[in-house]
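Worksheet: the structure to be examined is printed underneath.
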Amino acid sequence: MSLHDVQAGVKRVVAAFQRRPEVAIHADSPAVSRWESGTRVVTHCGQDLSVATDMPKELGGTGDQVTPGWLLRAGFASCAATSITLAAASEGIKLTALEVHAGSRSDARGLLGMSEPNGEPVYAGMFDVELRVTIAADGSNPLALEGLVTRCLSHSPVPTTLTTATPYALHVTVTSE
């Protein structure tokens, strides 16, 4: 699909949402994860799409699949790149290059529920999270492209979810299987 097709599609959807904003609100496709064995988990989106995750060998996994943390970074980078592409197409900007790198650091002790010597729990989440965007477009000035990236990331779903500490609900069902 060309960027012109993307631009036309975005214009149609924006017009439809302006007429009927209620149709923009929808339930997202659930991700359903099932443990297979060891540390391998397969997550399904519908019946035809799935992705397996596993831990590195050092943590008892096979090391032959991506980790759940990598999948989060992949979603962060992919959503950002998609949002930038949609914004550029909407504004008639002809991208010639776009690469988004999502990086972070983490402390595996947190995953294992370990504590610091002073008894404080080790933070299990990622830290030093960063997004690096490399972008080029025909006939666009660098400040305009930087502004485009900044503007569209403020309404990109995954980056916004990660940067605003979106609350969530936890429901646990214990079965006798």
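Enumerate the helices (runs of 4 or more DSSP H) found wholly within region 82-177, keeping only those where 3 or more residues are in contact (Cβ under 8 Å) with a residue 24 or more places away in the chain. Show your work before the answer.
Working: elements: 108-111, 142-153, 157-163.
Because the criterion is at least 3 residues that are in contact (Cβ under 8 Å) with a residue 24 or more places away in the chain, the helices (runs of 4 or more DSSP H) in region 82-177 that meet it are 142-153, 157-163.
Please determine whether any residue of region 24-31 is exposed (fewer than 10 other Cβ atoms within 10 Å of the Cβ) and assigned to a helix (DSSP H, G or I).
Scanning region 24-31 turns up no residue that is exposed (fewer than 10 other Cβ atoms within 10 Å of the Cβ) and assigned to a helix (DSSP H, G or I).
Looking at Ala77, Ala108, Ala81, Ala102, can you tell me which residue is modelled with pLDDT under 95 and not charged (D, E, K, R)?
Ala108
Could you tell me which residue of region 74-96 is farthest from Gln7 (Cα to Cα), considering only residues that are surrounded by fewer than 20 Cβ atoms within 10 Å (Cβ to Cβ) and not small (Gly, Ala, Ser)?
Thr96
So, Ala8, is that one at pLDDT 95 or above and within 30 Å of Asn141 (Cα to Cα) or not?
So Ala8 fails the test.
Among the residues of region 39-69 satisfying the criterion of being within 17 Å of Ser106 (Cα to Cα) and of a type outside the set (D, E, K, R), which is farthest from the chain's Cα centre (by Cα)?
Leu59
Can you report the number of residues in region 131-177 which are assigned by TED's automatic domain parsing to the domain that holds Ala74, loosely packed, with under 10 Cβ neighbours inside 10 Å and among the acidic types (Asp, Glu)?
Qualifying residue count, region 131-177: 1.
Being touching a residue at least 24 places away in the same chain (Cβ under 8 Å) and in a helix (DSSP H, G or I) is the filter here, so list the residues in region 59-70 that pass it.
Leu59, Pro68, Gly69
The values are calculated or read from the model by the stated rules, or taken from the named source; none is laboratory data. Since the model is a prediction, treat every value here as computed from it, not as a measurement. All Cβ positions, glycine included, derive from the backbone under ideal geometry; neighbour counts span all protein chains shown.
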